[in-house]
Protein chains: 2
Amino acid sequence: MSFTPTITQDFLYSQIADRIEKQIEQNVLKSGDKLLSVRSLSKEQGISISTAYTAYVQLENKGLIEARPKSGYYVKFSSNHIPTLTSSKKSIDSIENVSVDDMIAIIYKNITEEGILKLSVATPSIELIPAAKLNKSMMEAIRKSPHSCISYEDIQGNLLLRKQIAKYCFSWGGNINEDDVVTTQGCMEALVFCLKAVTEPGDTVAIENPTYFGIFNVMKSLGLKVLEIPLNPVTGLDLEYLETAIEKIEVKACLFVPSFSNPMGCCMPDDRKKQLVNLLGTKNIPLIEDDIYGAMYFGKTRPKTCKSFDKKGIVMLCSSVSKSLAPGYRVGWVIPGKFKAKIINIKLMHTVSSATPTQAAIGHFFETGRYDLHMRNLRKALHSQCLKYIQAINKFFPDDTKISQPQGGYVLWIEMNKKINAFDVFKDALKQNISISPGQIFSTDASFSNYIRISFGIPYSDALENSLKILGDIVKKRI
Amino acid sequence: MSFTPTITQDFLYSQIADRIEKQIEQNVLKSGDKLLSVRSLSKEQGISISTAYTAYVQLENKGLIEARPKSGYYVKFSSNHIPTLTSSKKSIDSIENVSVDDMIAIIYKNITEEGILKLSVATPSIELIPAAKLNKSMMEAIRKSPHSCISYEDIQGNLLLRKQIAKYCFSWGGNINEDDVVTTQGCMEALVFCLKAVTEPGDTVAIENPTYFGIFNVMKSLGLKVLEIPLNPVTGLDLEYLETAIEKIEVKACLFVPSFSNPMGCCMPDDRKKQLVNLLGTKNIPLIEDDIYGAMYFGKTRPKTCKSFDKKGIVMLCSSVSKSLAPGYRVGWVIPGKFKAKIINIKLMHTVSSATPTQAAIGHFFETGRYDLHMRNLRKALHSQCLKYIQAINKFFPDDTKISQPQGGYVLWIEMNKKINAFDVFKDALKQNISISPGQIFSTDASFSNYIRISFGIPYSDALENSLKILGDIVKKRI
């Protein structure tokens, strides 16, 4: 047998062999993978047995595959067996004049990357999640489902889950039943559906300033303009500013995070929430209430929601279990008030229905009381972490640093000396394998350039304390 | 103790009791449900222990809840214990001049309704699905995941799943690797993302005529205009018509189902697919290829995809496991060619990432070879069901009935006498608890009013044969 390549491109067996070779080269087929039998290959590709056989012989001659007696053909060579130079990472230094969009892209890229301390991600650390119990709920939910969770779920959402969500609404002053709830693929999808239900491209939506960067992306994607309403660090939304603004500008909807806004962490007192709902009610402006952090309160009682003051059905409350239990499950919901029919219709058009097994598992986890117990533990853990993070930042950061005092949620909003560019801090930190969120990405005009957001979702430890010390040193050096 | 209502609305305990009563009335709390302890209620609502206690006593006095010694308070009464009159269903007869939208809404409503023979839904019957094996894949995937599938999944999609999808592409002539694949929540979401990537509201998109009714909904939702291209029952898309049309009208994208179109069932021959890709390539018009039925072929080999002829990266191939394995898992994907970055960005904005457990389970199901085996069985079953359905329709329907001869997929397209209104047939059938799809919903102008679509996804049986006979009788009576 010879290894000399011959001009055989035009033969069918050679075409087939070339395509398999490409799969091996690209690592789609890996060393040790079993190939189709000659018979199956011939069937699959609609070629004769002898053509299929010849293709394999050609690959065998090249040393790419091997025939094992009585077993069939296997991939022998795989390009990942040859040590290659590690591809040079695009240096973070080369990113100088980046746009806010680029910053956001870089931050998202880090969500699943290994080896980086993710102080930029406002989700619970895996240590805080009762994974075994949730797995159990998944198994039991599949077992209990008449169709093993294989069939399409009800378009409005899994019934058990909707009932449980309705039950939990009692804690924030809601009298909701399962028919008022529509499930979604996480809170973000809920927000998108709400925006689609009440706006057209070109419309203006009022949002908080500063606001979660994901919101800007969504607004842009839907062709919406934003009107940024300032926040007070303690009482939240500046209602007087909003009132004046909506007199002057036609606002089609508001999207606010009244309980534990992101990144500022403030929570509107009940009476101001009521005032907000009344104000928007008289103007007939829908309020999309992002309540994703509402259940993560550190005080004695859960803050009420705007929805609880909503008599006209103008409030669409959105939430999920992504911050409290399982981001990967993508289970969220909306309580859409008078926009229910529209929301269901939009959901139908975009996704037909949400995934059955994940909804059923979360429904089961709620029903068994596991969620209640977990949330009590989670709130305690977050509160204590929050305090420890604040103390450490106080200790390690320059003296002129100001820190928010959130009463719930996941994040600290840190104001540094005006001379400091948060994006520089971000870049320096990433070199030390720590990711934080630079303040620039929380507004449309890259104000807040001397702010950073830090999540305290990761349990406190010596290693973590050391990372906060490193961060403090970075900031000190930048003054 | 007295049952006389006293004027106590203004007391806090009474407000709390009223809200709990409402939950019981609305069945959010059901007979036998355990209530919070007095202590927990006081904590949750921020009220004193005595107020919480008094609220429960008031509910106890009303006979709504009961205290069980050493156990706590339980709901005693539940409104669903009182037999109520069954609510009168809105008669289907009252639907006379319904719009296409209304028809579609009625059909979707039936997707999850019990007791109706769903010949309108083009998905596999649960009997055809290896549920136990899929469950096993779910358990194993969760067990193997470092974070029990709780964390956010990679934004582009689960790596194992993407590798497996890439591997399967070999069967349709693709040389794809995992980096070319983006996962989505079902095929519908993939189509929406593709449309969003290449069009703006007001743009025109070419689609097939007849086409799947879900497509119209999506187009409307995105503010797109449609240009309908006729189909040939055997060779599929009328390329000559398309060529002329795109000379005259600015078409921003095409969305076609080249293999086993829905509802007509036709499959474009390979050379015509190649011609289509070349034509669109010269005009630089992106092709969204809905390949959801491509793997459900009855012939010897899987039809090639347009994607396999795509050298310029203009074809975005969309598919899912909703038709082949598990609609409820909402696992789909797109191979977006040169639009990859845009698609990932849109996915990020709309849903952050897709659900982790369902993607991991399907990845595992593919990897173990279970999918391959299942698909061989499914194809055989569908082919045999298709032939039996055709024979029965031939036998029971009027002699002038014409039936499509699909070489794959799930549906039969049935042309009846011109005098027959398919929506009448739909209504008559629903009265007999059979749902079919009337032809009106498969085009923008409600042409095809004498056509119906029947899915052959349900295994053939005597009962099924009888239902087809009932359908035949309905049609005969309508002539």
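Just so you know, all these numbers are worked out from the coordinates, no wet-lab data involved. Here the structure is a predicted model, which is why all the values come from computation and not from measurement. Neighbour counts run over all protein chains shown; Cβ positions are idealised from the backbone, glycine included.
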- Query: Hey, what angle do you get for helix A:270-283 against the long axis of chain A, alpha-carbon based, 0 to 90 degrees rounded to 10?
  - Reply: 80
- Task: Evaluate the relative contact order of chain A (contact order divided by residue number), counting alpha-carbon pairs under 8 angstrom at least 6 apart; express in whole percent.
- Result: 18
- Item | About the Cα centre, charge dipole magnitude for chain B (Lys/Arg +1, Asp/Glu -1 at Cβ), debye | 1120
- Rounded to the nearest 5, the percent of DSSP beta bridges in the protein assembly as shown running antiparallel is 60
- Dipole of the protein assembly as shown, Cα-centred, from +1 at each Lys and Arg C-beta and -1 at each Asp and Glu C-beta, to the nearest 20 debye? 2040
- Message: For B:S40, place a label point 7 Å from Cα along the Cα-to-Cβ direction in every copy; what are the distances to the other copies, in nm, shortest first?
- Response: 5.2
- Message: Which residue, A:Y168, A:L287, A:I150, has the largest displacement toward the positive end of the dipole of the stretch A:131-372 when charges sit on each Cβ (Lys, Arg +1; Asp, Glu -1)?
- Response: A:I150
- Query: Which whole number gives the average count of other chain Cβ atoms within 10 Å of the Cβ atoms across peptide B:341-353?
  - Reply: 6
- Task: Order the peptides B:195-206, A:43-54 from the highest to the lowest mean number of other Cβ atoms within 10 Å of their residues.
- Result: B:195-206, A:43-54
- With contacts defined as alpha carbon pairs under 8 Å and 6 or more residues apart, what's the relative contact order of the stretch B:12-81 in percent? 42
- How many nanometers, to one decimal and shortest first, lie between the label point of B:I126 and those of its other copies, if labels sit 7 Å from Cα toward Cβ? 3.4
- Query: Considering only DSSP beta bridges whose two residues both sit in the stretch B:131-372, what percent are antiparallel, to the nearest 5?
  - Reply: 40
- May I ask what percent, to the nearest 5, of DSSP beta bridges between residues of chain A are antiparallel? 60
- Task: Measure off 7 Å from each Cα along the Cα-to-Cβ vector at A:K342 and B:K300, then give the distance between these two points in nanometres to one decimal.
- Result: 5.7
- Message: Suppose the chain between B:N421 and B:K395 were pulled fully straight at 0.36 nm per residue; how much longer would it get relative to their current alpha carbon spacing?
- Response: 7.3 nm
- Item | Peptide ranges B:370-382, B:418-430 listed from the most packed, as the mean C-beta count within 10 angstrom indicates | B:418-430, B:370-382
- Message: Just to confirm the number: angle between the C-alpha axis of helix B:356-367 and the first principal axis of chain B, 0 to 90 degrees, nearest 10?
- Response: 40
- Taking chain B and counting helices only, DSSP H stretches of n ≥ 4 at -39,500 (n - 2.57) each over all residues, the nearest-500 ellipticity at 222 nm comes to -12500 deg cm²/dmol
- Note on the structure: For peptide B:23-30, the mean count of other chain Cβ atoms within 10 Å per residue Cβ is 5
- Query: What is the average number of partner chain Cβ atoms found within 10 Å of a Cβ in A:138-151?
  - Reply: 5
- Candidate lysines - alpha carbon under 19 Å from B:K274, same-chain residues fewer than 8 apart omitted: B:K283, B:K304, B:K307, B:K311, B:K312, B:K338
- Listed pairs A:K252/B:K248; A:K323/B:K144; A:K402/B:K340; A:K70/B:K380 exceeding 31 Å between Cα atoms: A:K252/B:K248; A:K402/B:K340
- Given the candidates B:G265, B:T301, B:G363, the one whose Cα lies deepest towards the positive end of the charge dipole of the stretch B:131-372, counting +1 at each Lys or Arg C-beta and -1 at each Asp or Glu C-beta, is B:G363
- Measuring from the longest principal axis of the C-alpha atoms of chain A, the long axis of helix A:12-25 (C-alpha) lies at a number of degrees, nearest 10, equal to 50
- Query: Lys/Arg Cβ at +1, Asp/Glu Cβ at -1, dipole of the protein assembly as shown taken about the Cα centre: which of B:P210, B:L378, B:F426 is farthest positive-ward?
  - Reply: B:L378
- Distance from the Cα centre of the stretch A:194-253 to that of the stretch A:8-57, in angstrom? 57
- Task: Run through the other copies and list how far each one's label point is from that of B:N466, in nm with one decimal, shortest first; the point sits 7 Å from Cα along Cα-Cβ.
- Result: 7.5
